[in-house]
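Heads up: the structure comes next, in structure tokens.
The values are calculated or read from the model by the stated rules, or taken from the named source; none is laboratory data. Keep in mind the model is a prediction, meaning the values are calculated, not measured. Ideal geometry is used to build each Cβ from the backbone, glycine not excepted, and the neighbour counts take in all protein chains shown.
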Amino acid sequence: MKNENSILEGILQNIHMKTPFHVQLPTKNKLVFNKIVPYIFVYRIGEKEDPMLAELVKTEYAYLAIRDADFPVQKWLEPIAQKLVEEFGGCLIVEAWVASAPQRNDIDLLITRKNIQSVAQYLLKHIHAERTALSAEVITSTKPTGPEDATPLIDLKEKKNSQVQYIGLRVKNTYLHGKHEILPILMRQFRETLSKSLSSTFFEFIRIHTTAKPTEFKITHQNEIAPLVWEIDQQLAKESQRFDFLLLITPVNAHEAWLQFKKDNFRKAPVFQYRPMPIDPDIIKRNLYNLRIEDLYDPTIAYLFRDKRRELDAMMTMLSERGKEGFMLGSLQIFGNVAESLLDKAKAILTITEEDTIVQTNSKDIIYAKEFAAMAEQEIQYLKAQHPEFNTTVRLRDDISGVMVNQGMLNISKQYSLPRNRAQALIQHEVGTHIVTYFNGKQQPFNLFKLGVPGYEKLQEGLAVLSEYMVGELTNERLRILAGRVVAVYHMIAGNKFVDTFSMLVERYNFSHETAFQMTMRVYRSGGLTKDALYLQGLIELVKYIKEGNDITLLMMGKIRKEYIPIIQELMLKGIIKPPSLHPRYLEEPYIQELEALRKSSGIFKMIQ
């Protein structure tokens, strides 16, 4: 008894001092506070351990795992809960168990007090937001809740426990087939849905029912994250950097192919040549699936890594099929198809701007590669003034066509030229967006924010085109090219050949021969790349995002996609990732005022001059 009292006194002292601890409670029970928080997740294991709940309990900062059936839980938990109330003004206990009788829902959320109803509904909303097939419901009862025939964890009728709240999670273990066989994907779906939803709910409880601030519970040291997380992140980065996807699928003879195509009177499809393949896709795939992502307890981080591995796997398949029909199938998997609504908007833009003609520019109005590189260097100095660690390189190359950002460096073709009235737009597109988001992503602890999360291209290219609009250099001709790319991708997917798509762009939409060739080359390269439809699609979705009043600066923190914003907000709340370090020129005065005008506008068509 004396030993138990000293253990309890030590626990209460650690809570007061905000000192994390792991304690073995007599005799087989474990209390863990990896961080001193005003909530506890409880799992009474009973006769047989449930594999999903056994993993779920370990994902929480604070948990009590009870193995002894006769453990006097109220004797231990009540003083601990009271101490948390004393320190934080409130305490939430969440208990999970497997339903012993048939129930309609996969997850029942059981509560006994009306004042916890809003938090329970918040948890329910987040379970549904995961968009799984799992069903859930909040059930209010006047009787104490918990596993059948088990003593309540805490006497909620006691006046001293008025600031202690309770939610029961009764789970239907459909992830078990028979008595012993685990259905691993379904079990992971349960665990990750509950873990992510509980994480958000605990922060909501802190905000509403305690005197503390959620920001006090951020992760403050990288060593609070399991070493396996950093190991997998480094390995994913290592495999990603073994190859440059865009360089490997882009022709090295684009200029020569254009000259030959013109010589053939635009009747014979050009022959494109590509760089030698420096990797073995099968070996990279093997390395990717040797990563133990399934062993990660944090479901948000596990999702990020699994998503990236899936994309890299698809890229390896595409590279294996370079120049073959299978390449386009892989492209559809990564970059998607062209929706009818997007095609309609693209055709509408082409129709509205069909009277536009290309104005012949004076040679003085043309900028060549060296001058453009000097302008890019000036913009890099502007950004460096914001963050002394920022640095990058501008390279003039003779083995690429046009301009390309690669791993944070700007590559410019030595043959490149552009109208002077488009130079600032391209600077903001390439430096202000692609390089800025690369560097901001580089400041994050996980490499995938600089390398690009899966599907980041749509938002990234939408931001890049928006930057052109913000500095007043998004011309109708540029919008026509973005719309023409959508039509070209759709035309290619429909089964048309290179010459047919080229002719359609020239004859139906009045593009110049050289512009139509560049557009068609980009779309048909390596066997069919659907990525070019993302520019207009990303811009349309970004304008909608702005019109809804959302914060655009959040999108600059790395190479992300819009669907990742809830994940990013959660990771920022936990203190794992941080706000952007660099802010591009186009999101500062005087350009930022254009955002307000865009919010009040009719959308994408407002951008047509």
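Please enumerate the residues belonging to region 494-505 that are without any contact (Cβ under 8 Å) to a residue 40 or more places away in the chain and either in a helix (DSSP H, G or I) or not assigned by TED's automatic domain parsing to the domain that holds K347 (or both).
Passing the criteria: D500, T501, M504, L505.
Test each condition in (1) within 30 Å of I604 (Cβ to Cβ); (2) in a loop (DSSP other than H, G, I, E, B) for A376 and report the one that comes out false.
Of everything listed in (1) within 30 Å of I604 (Cβ to Cβ); (2) in a loop (DSSP other than H, G, I, E, B), A376 misses just condition (2).
Would you tally the residues in region 308-330 being among the small types (G, A, S) and free of Cβ contacts under 8 Å to residues at least 60 places away in the same chain?
3
For region 176-216, which residues satisfy the criterion of being outside any helix (DSSP H, G or I) and among the small types (G, A, S)?
Once the filter is applied, which keeps residues that are outside any helix (DSSP H, G or I) and among the small types (G, A, S), region 176-216 yields G178, A212.
Suppose we keep only residues that are assigned to a helix (DSSP H, G or I) and modelled with pLDDT of 90 or more within region 548-562. Which one would you say is surrounded by the fewest Cβ atoms within 10 Å (Cβ to Cβ)?
M556
Which members of region 563-593 meet the condition of being buried (at least 18 other Cβ atoms within 10 Å of the Cβ), among the charged types (D, E, K, R) and not in a loop (DSSP other than H, G, I, E, B)?
R585
With the requirement that a residue be aliphatic (A, V, I, L, M) and either assigned to a strand (DSSP E or B) or within 21 Å of Q444 (Cα to Cα) (or both), what does region 387-414 give you?
Selection gives V394, L396, V403, M404, V405, M409, L410, I412.
Being more than 30 Å from F305 (Cβ to Cβ), at pLDDT 90 or above, in contact with a helix residue (DSSP H, G or I) (Cβ under 7 Å, 6 or more places away or on another chain) and assigned by TED's automatic domain parsing to the domain that holds M470 narrows it down to one of A516, A533, so name that one.
A516
Would you tally the residues in region 325-342 being surrounded by fewer than 18 Cβ atoms within 10 Å (Cβ to Cβ) and over 23 Å from the mean Cα position of the chain (by Cα)?
5
Out of the residues in region 1-18 that are over 40 Å from the mean Cα position of the chain (by Cα) and of a type in the set (D, E, K, R), state the one that is modelled with the lowest pLDDT.
Among those residues, the one meeting the criterion is K2.
So, of the residues in region 148-157 that are closer than 16 Å to P72 by Cβ and touching a strand residue (DSSP E or B) at 6+ places or on another chain (Cβ under 9 Å), which turns out to be surrounded by the most Cβ atoms within 10 Å (Cβ to Cβ)?
L153
I'd like to know if region 469-482 contains one or more residues that are of a type in the set (D, E, K, R) and outside any helix (DSSP H, G or I).
Taking every residue of region 469-482 in turn, at least one turns out to be of a type in the set (D, E, K, R) and outside any helix (DSSP H, G or I).
With the structure loaded, tell me whether V119 is crowded, with 19+ Cβ neighbours inside 10 Å, in contact (Cβ under 8 Å) with a residue 60 or more places away in the chain and closer than 21 Å to P144 by Cβ or whether it fails that test.
Yes; evaluated as a whole, the condition is true for this residue.
So which residues in region 470-512 are closer than 19 Å to K531 by Cβ and among the β-branched types (V, I, T)?
Once the filter is applied, which keeps residues that are closer than 19 Å to K531 by Cβ and among the β-branched types (V, I, T), region 470-512 yields I481, V486, V487, V489, I493, T501.
Looking only at helices (runs of 4 or more DSSP H) that fall completely inside region 44-135, which ones have 2 or more residues that are within 35 Å of the chain's Cα centre (by Cα), among the hydrophobic types (A, V, I, L, M, F, W, C) and within 20 Å of Q24 (Cα to Cα)?
So the answer is 51-56.
Give all pairs with beta carbons closer than 9 Å in which a residue from region 567-594 that is within 25 Å of A226 (Cα to Cα) meets a residue that is small (G, A, S) and part of a loop (DSSP other than H, G, I, E, B); count only pairs at least 6 apart in sequence or on separate chains.
I568/G558; I577/G558; P580/G558
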